[in-house]
1. Among the residues of the stretch 6-37, which ones are in a loop (DSSP other than H, G, I, E, B) and either under 16 Å from H65 (Cα atoms) or in contact with a Cys (Cβ under 6 Å, 6 or more places away or on another chain) (or both)?
2. List, please: which pairs have Cβ atoms under 9 Å, are six or more places apart or on different chains, and start with a residue in the stretch 7-23 that is more than 17 Å from F44 (Cβ to Cβ) and in contact (Cβ under 8 Å) with a residue 24 or more places away in the chain and end with one that is outside any loop (DSSP other than H, G, I, E, B) and among the small types (G, A, S)?
3. Tell me whether the stretch 201-210 contains one or more residues that are out of contact with any strand residue (DSSP E or B) (no Cβ under 7 Å at 6 or more places or on another chain) and at pLDDT below 90.
4. Looking at (1) in a helix (DSSP H, G or I); (2) at pLDDT below 95; (3) crowded, with 16+ Cβ neighbours inside 10 Å, which one does T117 not meet, given that it meets all the others?
5. Considering (1) assigned by TED's automatic domain parsing to the domain that holds D212; (2) touching a helix residue (DSSP H, G or I) at 6+ places or on another chain (Cβ under 7 Å); (3) hydroxyl-bearing (S, T, Y), say which one S135 fails and leave the rest.
6. Just need a number here: residues in the stretch 105-138 that are in contact (Cβ under 8 Å) with a residue 12 or more places away in the chain and under 19 Å from the mean Cα position of the chain (by Cα).
7. Would you mind finding the one in G40, G25 that is under 19 Å from G318 (Cα atoms), in the same structural domain as L71 (by TED's automatic domain parsing) and touching a Gly at 6+ places or on another chain (Cβ under 6 Å)?
8. R207 is checked against (1) under 18 Å from Y152 (Cα atoms); (2) assigned to a strand (DSSP E or B) and fails just one. What number does that condition carry?
Amino acid sequence: MGYLETRSDGAGELRQLQKALGWPGTLVANLGLTSWGRSGVRNFLGYFVLGMRVRRQRKTLILIHNLIEALDTETVGYPVSGFTRWGAHRAVAFLRGATVVSFSVKVGDLLKTAYRTQPALVTPIPCPPVRDPGSPRDDPPRVITPGYLSPYKGHEQLPSIRPLVVGEAKFTVVGGVHRVLAENDPTYRRNLDDLQKRLIDSGVEVRGWVSDPELNDLLGRSSVALLPYSSTQGGSAMFSRIASAGLPVVATDLPEFRWLESRGAGVLCVPRSPQGYAEGVSRLLSDRALHRQLVERQKAFAQAHSWEAFLGALRALGELDRVGRNDASRNGAIRSIGT
């Protein structure tokens, strides 16, 4: 078994792609829009090499998080040119013929309509093991919004939502700027620096990036996760982390969140407005029976969509023969696994 992880600076990419092209066993590639950093050329080359594997009839399994067609260009937080859209579409088109797994119903539908590709599996991003919170929930109750900062995630609404919540609550944002975007887009960085100042001035706690143990602790001590997204761009690893913490979610009434709800997630979908979010948060903070129900739904969702369950689904597809959870659940943009 082998493991390869891409780097945003492109270091070692050619050697890595040579290895990926020549790998004789099954190769599992876990791909997003910037798997090889913000460089369009490096990303195009990476997808092209994977497409060459497919054409050589070498077993290739693609786990895909996002597509250029899924982006809401007005709220994504960085410019997307027509040329970029064309190149990103062509790059994914190279993969036609591979076995594809989608971590988003939106992306799964786009694969069928925009790429004439039928996903072998559409499933939420696998969840870590369900955790015991370890500490009692904070008092006053904490409302947490985790994940990197981007306009489509709706952080700018938090100063308007906070005063509308009935009762006392502490609002916390965990996460900072997207490292790859901040390095390549000065406008993105300036806009989000301004956003963080406005959040702090309104009384919202901004933690920035924290370690995994710190994030687990914060999720375990929080009462509600608030995701005021204007749109969804693809699969959400953060939602899977939230579910594993048994933390109920108040989210915008969007198809992706409705899909997660239909899969058993403990999510309360509300209208996209400060009043809608505030009413959802207030309801969960005051209705203990509903809160407990969504806690249990989140835990059951995380267990049903664990890494073990995901690997079992891949084996059922005939894509994996011998692979352990630790090999398949590591973070990285590309994974090659010998079978």
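1. Correct list: T6, G32, L33, T34, S35, W36, G37.
2. Here the result reads K19/S336; W23/S336, each pair linking the stretch 7-23 to a residue that is outside any loop (DSSP other than H, G, I, E, B) and among the small types (G, A, S).
3. Yes: the stretch 201-210 contains one or more residues that are out of contact with any strand residue (DSSP E or B) (no Cβ under 7 Å at 6 or more places or on another chain) and at pLDDT below 90.
4. Evaluating T117 over (1) in a helix (DSSP H, G or I); (2) at pLDDT below 95; (3) crowded, with 16+ Cβ neighbours inside 10 Å leaves (1) as the failure.
5. (1)
6. 17
7. G25
8. (1)
The values are calculated or read from the model by the stated rules, or taken from the named source; none is laboratory data. Predicted, not measured: the structure shown is a model, and the values here were computed from it. Cβ: placed from backbone, ideal geometry, glycine included. Neighbour counts: every protein chain shown.
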